[in-house]
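Have a look at this one before I ask anything.
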Amino acid sequence: MTVSRRIFMRGAVLAPAALAAPALLRLAHAAEAESVRAPTTPQFQRRMVGKIEVIALMDGMIQRPKEMIPGYDEAKASAAAKLAHKPHDPAAIAIGINGYVIRAGGRVIAVDTGSPAGLAPTLGGWHAALAAAGIATDEVDTVFLTHLHPDHVGGMTDPNSGAARLPKARMIASEADWAFTFDAGVYASMPKEVQQGLDMSRAMVAPYEAEKTLITPGDEIAPGLTSVAMPGHTPGHMGLRLDSGRESLLIWGDLLIAPAYQFANPDWGFALDTDKAAAAATRARVLDITATDGMMVAGMHLDFPGFGYVERAKQGYGFFAAPWDYRT
């Protein structure tokens, strides 16, 4: 299936029409601003990875057309959802959005920050979930970005003033992703709609530029926390591996975006993958490793809270949610 430019722009996790220049993050109309609402009940869940505390924060969910999956097949999709015990809508894909916060060695590290509220009425709950978990914004000392898409940097900047919402945080991002996002040639080659999405990402990270660290995969960002190369979704897309004692967790960012379908059909990509072949190769490699090693995983688009295990199945892979952690 070929994904047309019209379908891509209608379904992309960018909402430039809801934004107004020059503020970039400001909602265009007062009526739209009044209609925007975050998830009504903040949701978070804690668990331990050895001595490291990890807190999942629900940002919300968004629906996208099935055409966002190149090669989508209705029969395969329906069968995959049934095997995974997931609801299936033949017209749309429900995509959850999560963020994570790590407490380790006196550090408070956010791993992505959810979406700007203006992206959809059902998004923008990251800050409410952070507060419900008992974490003040000025306690966060680091923001680790798996990549710079708007639904991962949306909680960083105030939508009206453009000021940092995490005032004491240093930003850690991928060298490759930063170069891609701020490359003038790349920007000029993009359609206007995508340029507006890049404008959004650029504006959201701008307050942190003076306090940023650009890394390459494999760099350790704190004891027991190591960045992992996962290219394809974006050029510098990264995961974050946590190791403490005998326990490990891999936060894999956007390795999968539609888990109801992509576990069973790991060759299915997503329209927002910058390099679909590289994304598919990364997905195949990581699913194989995590299934073989029995490593716990978490992801920004896995069903909240996203903690679980990958297992091989008759068709592709299956995902099993992690049990409740009574240590928290």
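Count the net charge of all other residues whose Cβ sits under 11 Å from the Cβ of Thr113, scoring Lys and Arg as +1 and Asp and Glu as -1.
Net charge in that neighbourhood comes out at -2.
Find the relative contact order for the chain and round it to a whole percent, using C-alpha pairs within less than 8 Å whose residues are 6+ positions apart.
Reported as a whole number, the value is 18 percent.
So what does log10 I(q)/I(0) come out to for segment 109-211 at q = 0.10, 0.14, 0.18, 0.20 Å⁻¹, using the Debye formula with one equal point on every Cα and no solvent?
-0.26, -0.51, -0.84, -1.02
Rounded to a whole number of µm²/s, how large is the Stokes-Einstein D of segment 204-293 at 10 °C and 1.306 mPa s, given Rh as the Kirkwood radius over C-alpha pairs?
111
What is the P(r) of segment 175-328, as percent of Cα-Cα pairs per 5 Å bin from 0?
Reading upward from the zero bin: 2, 8, 15, 20, 19, 15, 11, 7, 2, 1, 0.
A follow-up question, please. If you line up the Cα atoms of the chain on their principal axes, what length do they span on each, largest first, in Å?
52, 49, 39
With θ set to phi - 60°, apply the Karplus curve 6.51 cos²θ - 1.76 cosθ + 1.60 along segment 97-111 and write out the HN-Hα couplings as whole Hz, x wherever there is a Gly or Pro.
Coupling constants for segment 97-111: 10, 10, x, 9, 10, 10, 10, 7, x, x, 8, 10, 10, 7, 10 Hz.
For Ser189 and Ala91, what does the FRET efficiency come to when R0 = 56 Å and r is the distance between their Cβ atoms, rounded to the nearest 0.05?
That pair, Ser189 with Ala91, gives E of 0.95.
Mind giving me the nanometre distance, one decimal, between the label points for Arg246 and Glu220, set 7 Å out from Cα along Cα→Cβ?
Spacing of the two 7 Å Cα→Cβ label points: 2.2 nm.
Check the chain and count each lysine pair with an alpha-carbon distance under 30 angstrom, considering only pairs eight or more places apart or from different chains.
Total qualifying Lys-Lys pairs in the chain comes to 20.
Counting each pair of different Cα atoms once, what's the Kirkwood radius of segment 158-243 in Å, rounded to one decimal?
When all Cα pairs of segment 158-243 are included, the Kirkwood radius is 14.2 Å.
Using Cβ contacts closer than 10 Å as the measure, can you line up Tyr100, Tyr208, Tyr187 from fewest to most?
In increasing order of surrounding Cβ atoms, one gets Tyr187, Tyr208, Tyr100.
Let me ask something else about it. Starting from the 7 Å offset along Cα-to-Cβ, what nm value, one decimal, do you get for the label separation of Ala75 and Ala313?
In this crude label model, Ala75 to Ala313 measures out at 1.8 nm.
Still on this structure, I have one more. Please give me the summed charge of the neighbours of Asp288: other residues whose Cβ is under 12 Å from its Cβ, Lys and Arg +1, Asp and Glu -1.
+1
Given the rule -39500 (n - 2.57) for each run of at least 4 DSSP H residues, summed and divided by the residues of the chain, what is its mean residue ellipticity at 222 nm, to the nearest 500 deg cm²/dmol?
My calculation for the chain gives -7000 deg cm²/dmol from helical runs alone.
Now for a different question. Need the full-extension length gain, Asp138 to Ala206, defined as separation in residues times 0.36 nm minus the C-alpha distance. One decimal, nm.
Gain on stretching Asp138 to Ala206: 22.7 nm.
A short reminder: the numbers here are calculations on the coordinates, not readings from a lab. Keep in mind that what you see is a predicted model, and the values were worked out from it rather than measured. Don't worry about glycine lacking a Cβ; one is built from the backbone with ideal geometry, like all the others, and counts go over all protein chains shown.
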